Amino acid sequence: RYFVVELITGTLFVLAGLRSSNPLDLATSLVLISCLIAIFYIDYDHFIIPDELSLTPAAVAVSVDFLKLVYFHAPAAHLLLPWPGKALQVPVPTSLLGLIVGSGALFVVGWMGTRMFHKESMGGGDVKLAGAVGACLGFQWHLLTFFLLSVILGAFVGIILIGLKKKSGKDYI
């Protein structure tokens, strides 16, 4: 298992390095990659996602976006806030919107699942992880990437585990 983890981590680090042109964005990517790999194995073994592993990439992404916004005048999303006489445009880092949209969307999905199935359908760690992914990817890419990847990968792993008789259709996967 350790060899596989090291191989995956090294490969993803190289790919991130080849893709990134900005050291700040590369740092955010490497933190996210490291935490996601650790989260995968911990969640698979123990069905928990430690807060430290989901909140760290979120904090790094939001901090880096604030730095880029303040020091490098990076583009930001603008929130329109009502104000007497006109609306104010407030610049907000896209990572902060991604954090809110990502965690908010998964919170709603989990809440609906709990109401439908009458048992907890999604833990708080999943909601925090969705926020972290949203913060790192930005709100534009979060929903597409996170939900498509989690649904496709989750279904693939679930089918394999059920086919190998390691899980049944009633187990948490």
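Would you point out the residue of region 93-121, among those that are outside any helix (DSSP H, G or I) and open to solvent by less than 50 Å² (accessible area, probe 1.4 Å), that is modelled with the highest pLDDT?
If we filter region 93-121 for residues that are outside any helix (DSSP H, G or I), which is where we start, we get 93, 118-121.
Narrowing further to those that are open to solvent by less than 50 Å² (accessible area, probe 1.4 Å): 93, 121.
Details: PRO93: 84, SER121: 73.
Selected residue: PRO93.
Does ASP25 fit the bill of being surrounded by fewer than 18 Cβ atoms within 10 Å (Cβ to Cβ), charged (D, E, K, R) and under 18 Å from LEU96 (Cβ atoms)? When the stated conditions are applied, ASP25 passes them. Of all the numbered requirements in (1) surrounded by fewer than 16 Cβ atoms within 10 Å (Cβ to Cβ); (2) in contact (Cβ under 8 Å) with a residue 60 or more places away in the chain; (3) in a helix (DSSP H, G or I), ILE48 misses one, and that requirement is (3). Taken together, LEU7, LEU24, LEU18, LEU32 contain a single residue that is among the aliphatic types (A, V, I, L, M), in contact with a helix residue (DSSP H, G or I) (Cβ under 9 Å, 6 or more places away or on another chain), farther than 16 Å from PHE139 by Cα and assigned to a helix (DSSP H, G or I), which is LEU24. Being open to solvent by 40 Å² or more (accessible area, probe 1.4 Å), farther than 19 Å from VAL127 by Cα and under 16 Å from the mean Cα position of the chain (by Cα) is a description that does not apply to LEU79.
The values are calculated or read from the model by the stated rules, or taken from the named source; none is laboratory data. For clarity, every value in this text was computed on a predicted model and none was experimentally measured. FYI the Cβ positions are ideal-geometry reconstructions off the backbone, even for glycines, and counts take in every protein chain you see. In case anyone asks, the SASA skips ligands and DNA or RNA and just uses the protein heavy atoms, side chains included. Shrake-Rupley method; radii C 1.70, N 1.55, O 1.52, S 1.80 Å.
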